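Just below is one structure, and these are the notes that go with it.
The values are calculated or read from the model by the stated rules, or taken from the named source; none is laboratory data. Computed from a prediction, not measured in an experiment: that's the story for all the values here. Methodologically, a virtual Cβ is constructed for each residue, glycine included, from the backbone with ideal geometry; neighbour enumeration extends over all protein chains shown.
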């Protein structure tokens, strides 16, 4: 019986030895282990050798490990295979995991003193200042994200699998740039003020709307690859595309709105403290 006729159980059977569905990608797991080993060296022996800090905060280790865990889920499990062979929506889920979950976790997990050590080289400082300017990060993330969703560019990694890691690396690189003005703890490359963060996130959400709307509300399938892909789940290509648009917008929007809300309330408290200071001083003077 054909795989499509078997439905989801057929996909599971297809995953058994001799089938085509890959459950794990050991090469990706090896890369993740190498990243973690390098991180442990930098926050351990390297830190001690150069006296960069007394220790590394445990929360940073947890954040970094969580970021690598998200990478493993996205790139080293059947999610990756399904995204390459069956469902556009699962491919979009990969992108949300990498850019909206993994990227901020990796930044939060990197100690500021380690970044400052790298910034001691003048050319590194110049490059990083240019790459982390809010206007640059905003444009880079949104232009790259929109460009990759053009039919030719989006389908190229599906037809040439060696391009898929490159696509994800570019997306992650621009996502790290985008998150930096919101999460930086490095004085040399400071984060935006809370008021500016609110505007910055609003612009990100606004610029993404055309891509989301185009994918979600189109009455035809954008990508011939997924239109011709097997359908073991009984999901039509148009339904799959609509689900992809919803995952793209709702997944990313929920995370960004959380950070927007956090920035707004911190901005509100700061403004309230500034406004309240003179009043308290005036009251104290009158009482005296």
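How about the stretch 88-195: which helices (runs of 4 or more DSSP H) wholly inside it have at least 1 residues that are more than 20 Å from the chain's Cα centre (by Cα), in contact (Cβ under 8 Å) with a residue 12 or more places away in the chain and within 30 Å of residue 270 (Cα to Cα)? Please lay out each step first, then the result.
Details: elements: 88-96, 103-109, 112-118, 122-131, 134-148, 151-159, 163-183.
Answer list for the stretch 88-195: 112-118, 122-131.
Out of (1) part of a helix (DSSP H, G or I); (2) in contact with a helix residue (DSSP H, G or I) (Cβ under 8 Å, 6 or more places away or on another chain), the odd one out for residue 239 is which?
(2)
Given (1) over 26 Å from residue 156 (Cα atoms); (2) surrounded by fewer than 18 Cβ atoms within 10 Å (Cβ to Cβ), identify the lone condition not met by residue 263.
Here residue 263 clears every test but (2).
Only one of (1) touching a helix residue (DSSP H, G or I) at 6+ places or on another chain (Cβ under 9 Å); (2) modelled with pLDDT of 95 or more; (3) surrounded by 11 or more Cβ atoms within 10 Å (Cβ to Cβ) fails for residue 87. Which number is that?
Of the numbered conditions (1) touching a helix residue (DSSP H, G or I) at 6+ places or on another chain (Cβ under 9 Å); (2) modelled with pLDDT of 95 or more; (3) surrounded by 11 or more Cβ atoms within 10 Å (Cβ to Cβ), the odd one out for residue 87 is (2).
How many residues are buried (at least 19 other Cβ atoms within 10 Å of the Cβ) and modelled with pLDDT of 90 or more if we restrict to the stretch 226-241? Give the derivation first.
Step one: filter the stretch 226-241 for residues buried (at least 19 other Cβ atoms within 10 Å of the Cβ), giving 226, 232, 237, 240-241.
From what is left, the residues that are modelled with pLDDT of 90 or more are 226, 237, 240-241.
Selection size over the stretch 226-241: 4.
May I ask you to verify whether residue 218 is surrounded by fewer than 16 Cβ atoms within 10 Å (Cβ to Cβ), in a helix (DSSP H, G or I) and out of contact with any strand residue (DSSP E or B) (no Cβ under 8 Å at 6 or more places or on another chain)? Let's see the steps before the verdict.
Numbers: surrounded by fewer than 16 Cβ atoms within 10 Å (Cβ to Cβ): yes; in a helix (DSSP H, G or I): no; out of contact with any strand residue (DSSP E or B) (no Cβ under 8 Å at 6 or more places or on another chain): yes.
No.
Take residue 197 and tell me if it is closer than 21 Å to residue 150 by Cα and surrounded by 15 or more Cβ atoms within 10 Å (Cβ to Cβ).
Details: closer than 21 Å to residue 150 by Cα: no; surrounded by 15 or more Cβ atoms within 10 Å (Cβ to Cβ): yes.
In short, no.
Every residue, every condition in (1) modelled with pLDDT under 95; (2) closer than 20 Å to residue 188 by Cβ, yes or no:
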residue: 96; (1), (2): no, no
residue: 123; (1), (2): no, yes
residue: 130; (1), (2): no, yes
residue: 135; (1), (2): no, yes
residue: 145; (1), (2): yes, no
